[in-house]
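The values are calculated or read from the model by the stated rules, or taken from the named source; none is laboratory data. Note that the structure is predicted; figures quoted are calculated from it, not measured. Cβ: placed from backbone, ideal geometry, glycine included. Neighbour counts: every protein chain shown.
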Amino acid sequence: MSGQDLYAKRLEYLQASFDALSEFKQSGRKLAYCEAKYRKEKAVEIATLRSEGYPVTIITELANGAVADERLDRDLAQVDYEAAREALWLYKLALRITDEDIKREWSA
């Protein structure tokens with residue numbers, strides 16, 4: 001691969017890493033929003049069940065069932081967040097490898 005090809009690949013990886021960083025930020029915000037919504041809904045459900053006189057030993061299980069959709073949204077947001085983080089790390093690694101290839105190309 002020529003030096004020009006390596007520089008083109010480097011710019012491609014650099015742009016991809018900026019895109020991945022933007023996706024990482026968005027997914028992090030979505031995760032935080034989903035986590036807050038889940039916790040609020042669960043707290044409200046627990047308070048409701050307590051006020052209705054349900055036994056304390058089963059309140060947590062009943063509350064978990066009632067907020068299952070919010071928990072699913074939170075878990076899916078967590079997966080998106082981790083995937084975006086991994087993508088960013090992979091692009092950073094590809095950039096480092098390409099930089100090393102460029103150094104070898106120019107020192108040969």
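Please determine, by comparing only the residues of the stretch 88-102 that are in contact with a helix residue (DSSP H, G or I) (Cβ under 7 Å, 6 or more places away or on another chain) and among the hydrophobic types (A, V, I, L, M, F, W, C), which one is modelled with the lowest pLDDT.
The qualifying residue modelled with the lowest pLDDT is 102.
Only one of 106, 89 is of a type in the set (Phe, Trp, Tyr), surrounded by fewer than 17 Cβ atoms within 10 Å (Cβ to Cβ), over 14 Å from the mean Cα position of the chain (by Cα) and closer than 30 Å to residue 17 by Cβ; which?
The unique qualifying residue is 106.
List the residue pairs whose Cβ atoms are under 7 Å apart, where the first residue sits in the stretch 1-16 and is within 10 Å of residue 95 (Cβ to Cβ), the second is surrounded by 14 or more Cβ atoms within 10 Å (Cβ to Cβ) and modelled with pLDDT under 90, and the two are 6 or more positions apart or on different chains.
Partner pairs satisfying both residue conditions: 10/102.
With 85, 29 as the choices, which residue is farther than 30 Å from residue 102 by Cα and at pLDDT 95 or above?
After ruling out the rest, the residue left standing is 29.
Here are some residues: 105, 35, 41, 70. Which one is modelled with pLDDT under 95, in a helix (DSSP H, G or I) and acidic (Asp, Glu)? So that I can check it myself, show each step before the final result.
On the way: 35 fails: modelled with pLDDT under 95; 41 fails: modelled with pLDDT under 95; 70 fails: modelled with pLDDT under 95.
Result of the check over 105, 35, 41, 70: 105.
Tally time: how many residues in the stretch 38-65 are surrounded by fewer than 17 Cβ atoms within 10 Å (Cβ to Cβ) and touching a residue at least 24 places away in the same chain (Cβ under 8 Å)?
1
So for the stretch 66-79 (the condition being acidic (Asp, Glu) and touching a Phe, Trp or Tyr at 6+ places or on another chain (Cβ under 8 Å)), does at least one residue qualify?
yes
Can you confirm whether the stretch 73-86 contains a residue that is β-branched (Val, Ile, Thr) and either surrounded by fewer than 13 Cβ atoms within 10 Å (Cβ to Cβ) or under 27 Å from residue 15 (Cβ atoms) (or both)?
The answer is yes, given that some residue of the stretch 73-86 is β-branched (Val, Ile, Thr) and either surrounded by fewer than 13 Cβ atoms within 10 Å (Cβ to Cβ) or under 27 Å from residue 15 (Cβ atoms) (or both).
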